[in-house]
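Peer 1: Could you have a look at this structure, given as C-alpha cells, before my questions?
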Amino acid sequence: MTTQMKQWQRSKQKWQPRPEQVRGMKLICGGQGARLFLHPGKGKTSVVLKSFQILKKAGFVDHLLVLAPLRVVTTSWPSQMEYWEDFEGLTHTLIHGDIPAAMKQDVDVYLMNYEGLLSKHWQHLPTATKFLTKGRFMLAVDESTKMKNSNIKRFKTIKKLLPLMEYRTIMTGTPKPNKLEDLFSQCYITDLGDDLGQYVTHFRRQYMVPSFSGFGFDAQPGAMERVAEKISPTTLQLEYEEAVPSQTVDVILPLPPETVRHYEELKDEFLTVLGDSVVVAPTVAASLGKLRQFAQGALYFEQETLPVHEVKIDALENLLAELDGEPLFCLTAFKSDVERIRERLGYTVPYIGSG
C-alpha cells in the first residue's frame, strides 16, 4: 500500500471524463439545477469539481459549498482533490469545530457536514447570509437522501438560503424512488420547486393518496412514471445495466503519517512498537504477512488482534451509506476483517467462509 501511495503522490492522474460524466457536467453548467443519480464508482464528486472549475473560470461562481455526512467531507472530497491532477489548484477547508474561523477563510471549496446546518452560526440567518454573499456560491449536496424529509430542521435551514446560490446540484447513488415523497425535498434543493411544486402538501395532492393503513401516503397509479418524466430534463440517471461499472475503480486510501511510520519500520527493520506491544517479523516471509495485515488495519499478535487503523473500515462505511440499502458483496483478506466490520456496523454481517 505504501509503495502505491508514493507512486500516486509522485504522479497524479489526469481526469478523463466518461460519457455520462460529460452529460452530468452539461446539466450542472446549464444552471437549472442538476440531479446526479449515479451508482457508486461513477465519479459524481469529480463531475461536480470539474463543473465548478469550468463555471469559476467563466466567471459565474467563486466558491463551492459541499454539504455531506462528516465522513464524506473529511475523506472522499479531499481525496478526490488530491488524487486528480486537474484539481490540484483547488483550495479547500472544513467547516467543522471552529466554524467561524473556517467560514472566514478565502478558499475555493468549503466542506461542511449536515450537522453544521444546526449550529448557531447557520441557524442565525444574517450570519449564514453574510457568508454566502461574500462571493457567488455553487452548492453540492452529497448523499442527498439525508435531505429526503422536508420537515427536518436542516432542510428548513438550507431552504431559506437556496436563493443565494444559483448553481445547485444533488448527488446520490440511490434516490430511493420506491418512496415517492422522498424525492420532493431532494429535487426542491435544485430547482426551488419548479418541477415538483413549492410545498409537499401540493406534491401529495398531485401524486399521492392517503395510505390504507391511515399513516402516511402512497403513490398514485402511474405517479412514479409522471415524476420521472417531470424531472428527467435535469436529472442524470443511468439504466441499471449501464450503471454497473465495467471497469475497476481504484480507491486510494492514504494512511495517517504515524501509521505510515510504523509500516515503514516494520518493512525495513522487521520490528515496530505499537503502544505497549513490540511487533516482530523474524523473516522476510513473516514480514510480508504482517505488512498485509497492517494494510488491512489489524495485526495478529500473541493470539489476539491488535488494531492499527480504521481507514478501510471508514471507506467501507462510506460506500454502504451511499448504497443506502442496496446489496454489497465484500471480499476480505483476513478473518479479523470480518470481526471488525461486524463490530463497526453493529450486527452479525453474513459471512461466506470456513467451508
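The values are calculated or read from the model by the stated rules, or taken from the named source; none is laboratory data. These numbers come from a predicted model, not from an experiment. Cβ placement follows ideal geometry from the backbone for every residue including glycine, while neighbour counts extend to all protein chains displayed. Each accessible area value is taken on the protein alone, full model and side chains, heavy atoms only, with ligands, DNA and RNA left out. Shrake-Rupley method; radii C 1.70, N 1.55, O 1.52, S 1.80 Å.
Peer 1: Asp337 versus (1) within 22 Å of the chain's Cα centre (by Cα); (2) closer than 22 Å to Thr75 by Cα: which is the lone unmet condition?
Peer 2: Among (1) within 22 Å of the chain's Cα centre (by Cα); (2) closer than 22 Å to Thr75 by Cα, Asp337 violates only (1).
Peer 1: Considering each residue of region 151-166, count those that are open to solvent by 20 Å² or more (accessible area, probe 1.4 Å) and either among the polar types (S, T, N, Q) or not in a helix (DSSP H, G or I) (or both), and give that number.
Peer 2: 3
Peer 1: Would region 116-139 turn up any residue that is surrounded by 20 or more Cβ atoms within 10 Å (Cβ to Cβ) and either assigned to a loop (DSSP other than H, G, I, E, B) or under 14 Å from the mean Cα position of the chain (by Cα) (or both)?
Peer 2: No, there is no match, as no residue in region 116-139 is surrounded by 20 or more Cβ atoms within 10 Å (Cβ to Cβ) and either assigned to a loop (DSSP other than H, G, I, E, B) or under 14 Å from the mean Cα position of the chain (by Cα) (or both).
Peer 1: If you don't mind, another one. Quick check on my filter: what residues within region 55-79 are open to solvent by 50 Å² or more (accessible area, probe 1.4 Å), in contact (Cβ under 8 Å) with a residue 24 or more places away in the chain and farther than 16 Å from Leu139 by Cβ? Steps first, answer last, please.
Peer 2: At the first step, the residues of region 55-79 found to be open to solvent by 50 Å² or more (accessible area, probe 1.4 Å) are 56-58, 60, 70-71, 74-75.
Add one more test, that the residue is in contact (Cβ under 8 Å) with a residue 24 or more places away in the chain, and what stays is 56, 60, 70-71, 74-75.
Within region 55-79, Leu70, Arg71, Thr74, Thr75 qualify.
Peer 1: Taking region 212-232, which residues are closer than 21 Å to Thr190 by Cα and either of a type in the set (Gly, Ala, Ser) or touching a residue at least 40 places away in the same chain (Cβ under 8 Å) (or both)? If you could, list the steps in order and put the result at the bottom.
Peer 2: First, the residues of region 212-232 that are closer than 21 Å to Thr190 by Cα: 223-232.
Once the filter is applied, which keeps residues that are closer than 21 Å to Thr190 by Cα and either of a type in the set (Gly, Ala, Ser) or touching a residue at least 40 places away in the same chain (Cβ under 8 Å) (or both), region 212-232 yields Ala223, Met224, Val227, Ala228, Ile231, Ser232.
Peer 1: Just name the residue that is nearest to Thr169 (Cα to Cα) out of those in region 24-41 that are hydrophobic (A, V, I, L, M, F, W, C) and open to solvent by less than 20 Å² (accessible area, probe 1.4 Å).
Peer 2: Ala34
Peer 1: Does Thr190 satisfy the condition of being among the polar types (S, T, N, Q), within 25 Å of His39 (Cα to Cα) and touching a Lys or Arg at 6+ places or on another chain (Cβ under 6 Å)?
Peer 2: yes
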